[in-house]
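**Student:** Next up is a structure, given as structure tokens.
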Amino acid sequence: SLRDNTEAVIDDNGKIIGTLPTSNQRDEIGDLSRSFADVLSRLQQYNSYLEKMASRLSHELRTPIAVVKSSLDMLLHVNDSEQQTVFVERAQSGVNRLSTILNSMSEATRLEQAIEQEDLETFNIVQVIKGCVEGYQHTYALRKWTLTATDSSLLIDGSPELIAQLFDKVVSNAVDFSQNNDEIVI
């Protein structure tokens, strides 16, 4: 029965721990079976992503919180104004890091909402990337830029604006981890 299969797929806490059996039949019931299995698989992947994100977020927050806490604790035990200044600066650094993490989380939420609301269109991703690289050549003129593409046209369904934003983030990291006159190959 479906109930028996559901119990094997979902544990007592509601966590997805298995997959639904799929039908090989080429009728509406088989299509429905495969659709349910696909939805369950995607939900399991999303839940796994959320669990990992919570773990990473906990790890990311732990260090700046510890810095702030230890700095404030030390402030209670020192009377020297120079030492107090050092601990205040460390606490401010921890608070700034926490603020950066929260801003990143807000940016990720806004991006997720933008993706959900964005209208998809068919566009040539090679042309979008070429346009981005031309902009980078002017913006980051102290770097050498090389673009190699196997095709001059690759049509995809998506959002050219969001692809450009994604590409901007990747290139920003490349610039941060390179020096003047370094070549960035795309």
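The values are calculated or read from the model by the stated rules, or taken from the named source; none is laboratory data. This is a predicted model, so every value here is computed, not measured. Heads up, the Cβs are rebuilt from the backbone with ideal geometry, glycines too, and the neighbour counts pull from every protein chain shown. For the accessible areas, the whole protein counts, side chains as well, though only heavy atoms, and no ligand, DNA or RNA atoms are used. Shrake-Rupley method; radii C 1.70, N 1.55, O 1.52, S 1.80 Å.
**Student:** Once the piece of chain linking Ser153 and Asn96 is laid out straight, how much longer is it, given 0.36 nm per residue of separation minus the C-alpha distance between them?
**Tutor:** So the extension gain works out to 16.1 nm.
**Student:** In whole percent, how big is the carbon plus sulfur part of the accessible area of the stretch 31-186, probe 1.4 Å, protein atoms only?
**Tutor:** Heavy-atom surface of the stretch 31-186 belonging to carbon and sulfur, 1.4 Å probe: 55 percent.
**Student:** Gln165 versus Ile10, label points 7 Å from Cα toward the beta carbon: distance in nm?
**Tutor:** Result: 3.3 nm between the two label points.
**Student:** Okay, moving on. By a straight-distance test (C-alpha under 17 Å), which lysines pair with Lys130 as possible cross-link partners, with residues fewer than eight away in the same chain excluded?
**Tutor:** Lys144, Lys169
**Student:** Given a Förster radius of 45 Å and the C-beta distance between Ser172 and Asn79 as r, what FRET efficiency does 1/(1 + (r/R0)^6) yield to the nearest 0.05? Kindly include the intermediate steps, with their values, before the conclusion.
**Tutor:** On the way: r = 44 Å, r/R0 = 0.98.
The computed FRET efficiency comes out at 0.50.
**Student:** Using a simple spin-label model with points 7 Å from Cα along the Cα→Cβ vector, what separation in nm is obtained for Leu72 and Leu50?
**Tutor:** Modelled inter-label distance: 3.0 nm.
**Student:** Additional query: So what is the accessible area of the chain per residue, in Å², with the probe set to 1.4 Å?
**Tutor:** 75
**Student:** Same structure again: How about Lys52: which aspartates and glutamates have a C-alpha closer than 14 Å to its C-alpha, ignoring those fewer than 8 places off in the same chain?
**Tutor:** Once the sequence-local aspartates and glutamates are set aside, what remains near Lys52 is Glu60.
**Student:** Name the long-range amide H neighbours of Lys144: under 5 Å, sequence gap of 5 or more, or other chain; modelled H, no Pro or chain starts.
**Tutor:** Distant-sequence amide H within range of Lys144: Asn181, Asp182, Glu183, Ile184.
**Student:** What list of ³J(HN,Hα) values in whole Hz, one per residue of the stretch 50-65 in order, does the Karplus curve 6.51 cos²θ - 1.76 cosθ + 1.60 (θ = phi - 60°) give from phi, with Gly and Pro shown as x?
**Tutor:** The phi angles translate into 5, 5, 5, 5, 4, 5, 5, 5, 4, 5, 5, 7, 4, 5, x, 5 Hz.
**Student:** Hey, another quick one. Grab the alpha carbons of the stretch 24-126, take their convex hull, and tell me the volume per residue in Å³.
**Tutor:** Taking only Cα atoms, the stretch 24-126 has a hull volume of 168 Å³ per residue.
**Student:** If you work out Cα extents along the principal axes in Å from the coordinates, which of (1) 104, 53, 29; (2) 96, 39, 27; (3) 79, 52, 26 do you get?
**Tutor:** Computing Cα extents along the principal axes in Å and matching it to (1) 104, 53, 29; (2) 96, 39, 27; (3) 79, 52, 26 gives (3).
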